[in-house]
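*Asks:* Quick one: the structure is below, questions incoming.
What follows is calculated from the coordinates using simple rules that are stated; it is not laboratory data. Keep in mind it's a predicted model, so treat the numbers as computed, not measured. Cβ placement follows ideal geometry from the backbone for every residue including glycine, while neighbour counts extend to all protein chains displayed.
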Amino acid sequence: MIDAFPHIFPPAFWERLTTVNARYVGRANVQARPALWDLDARFRIMDAHPGYVQVLTLSSPAIEEFADRRGGMDLARLANDGMADLVRRYPDRFLGFAAALYLEDVDASLREAERAMAELGALGVQIYTTVNGRPMDDPRFEPLYALLERSGKTLWVHPTRPQSVPDYAGEADSKYGLFIKLGWPYETALFMSRFIYSGIMERYPSLRVLTHHAGGFIPHVAGRLHLQHETPETRREIGVDPKWDRDAVHAAYKRFYGDTVFSGMHHPLDCALAYFGTDHILFGTDMPWGAEGGAMFVRETIEAVREAAPDDATRAALFEANARRVLGLR
């Protein structure tokens, strides 16, 4: 079982984080999940599921959200060196990693992506759905997508939305944690839609994009994705090329890949599989987030896949084969 979207703070990165972002480190929901930085705690969760291995990604928050330009690049390099070291030291547990970047400095991030992939063996890079409010279809980020397509590497996409973004214009910030509960899946859906209509997915037809939580809201609101696309005239009115009819819209969304974690719930996976198709869903757990120090997400996501897979071949594809194919794993 290859977990394509767990999270970690490598040991040296964690030590630096305790200094540069002590407020985040001290939060109760971070301290309740020692498997983020403690390998022994991580291995105990993993050992409860024979055959369970991981492809590492750096945990949120995005480095851009708390670091300055010089410190941000140092943190990205520290994270990538740390994840590469874990892959070397524990090859039976960690099959690879997605490189971390600091996209406030695009040029330096391009150099770091090349270093991580060429020298450290990164399988691709992880980005977030926004860089401090800037959309990821901004032209300044496009050289990264060109690099990934040329390299045959994967783009991991993690949602983010800060509490400072209010749910209503008349308020100062988001209430009741809704910026995460609802804002993050919305951000993923928004990211995917902007990637389509800006033309990025067409300009890079071989680019593989893996979204966390199977595209956020996308499979669950599929019937709304082509609203106002009934005629070429209505498409022009909303700034969409007339070519985007119903079939073209859904074909574009279905180019994306997603993972299997729905925060411990099982039934949303059926919807994601029905929309994206079995070959576009990879096993991923969001570990060690979730209850029980991270153990619950792993356990429940494994069970959800077993319930959703109708036969051994489908189960094998979701647990292992899709990750090997999409991520380029040996």
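*Asks:* Inside segment 219-251, can you point out the residues that are among the aliphatic types (A, V, I, L, M) and farther than 24 Å from THR278 by Cα? Before the answer, list the steps.
*Replies:* First pass over segment 219-251, keeping only residues among the aliphatic types (A, V, I, L, M): 221-222, 225, 227, 238, 240, 248-249, 251.
Answer for segment 219-251, where residues must be among the aliphatic types (A, V, I, L, M) and farther than 24 Å from THR278 by Cα: LEU227, ILE238, VAL240.
*Asks:* Filter segment 290-324 down to the residues that are within 20 Å of the chain's Cα centre (by Cα) and free of Cβ contacts under 8 Å to residues at least 40 places away in the same chain, then identify the one that is nearest to VAL87 (Cα to Cα).
*Replies:* This residue is ALA321.
*Asks:* What is the one condition in (1) without any contact (Cβ under 8 Å) to a residue 24 or more places away in the chain; (2) farther than 28 Å from LYS153 by Cα; (3) not polar (S, T, N, Q) that TRP14 does not satisfy?
*Replies:* (2)
*Asks:* Consider only pairs whose beta carbons are under 6 Å apart and that are at least six residues apart or on different chains; among these, list those whose first residue lies in segment 21-35 and is under 17 Å from LEU58 (Cα atoms) and whose second residue is of a type in the set (Phe, Trp, Tyr) and not in a helix (DSSP H, G or I).
*Replies:* ASN21/PHE66
*Asks:* Could I ask something else about it? Go through segment 194-234 and report how many residues are among the charged types (D, E, K, R), out of contact with any Leu (no Cβ under 8 Å at 6 or more places or on another chain) and not in a helix (DSSP H, G or I).
*Replies:* 1
The rows are residues; the columns are (1) among the small types (Gly, Ala, Ser); (2) assigned to a loop (DSSP other than H, G, I, E, B); (3) surrounded by 14 or more Cβ atoms within 10 Å (Cβ to Cβ).
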{"site": "TRP244", "(1), (2), (3)": "no, yes, yes"}
{"site": "ALA251", "(1), (2), (3)": "yes, no, no"}
{"site": "ARG255", "(1), (2), (3)": "no, yes, yes"}
{"site": "ALA272", "(1), (2), (3)": "yes, no, yes"}
{"site": "GLY284", "(1), (2), (3)": "yes, yes, yes"}
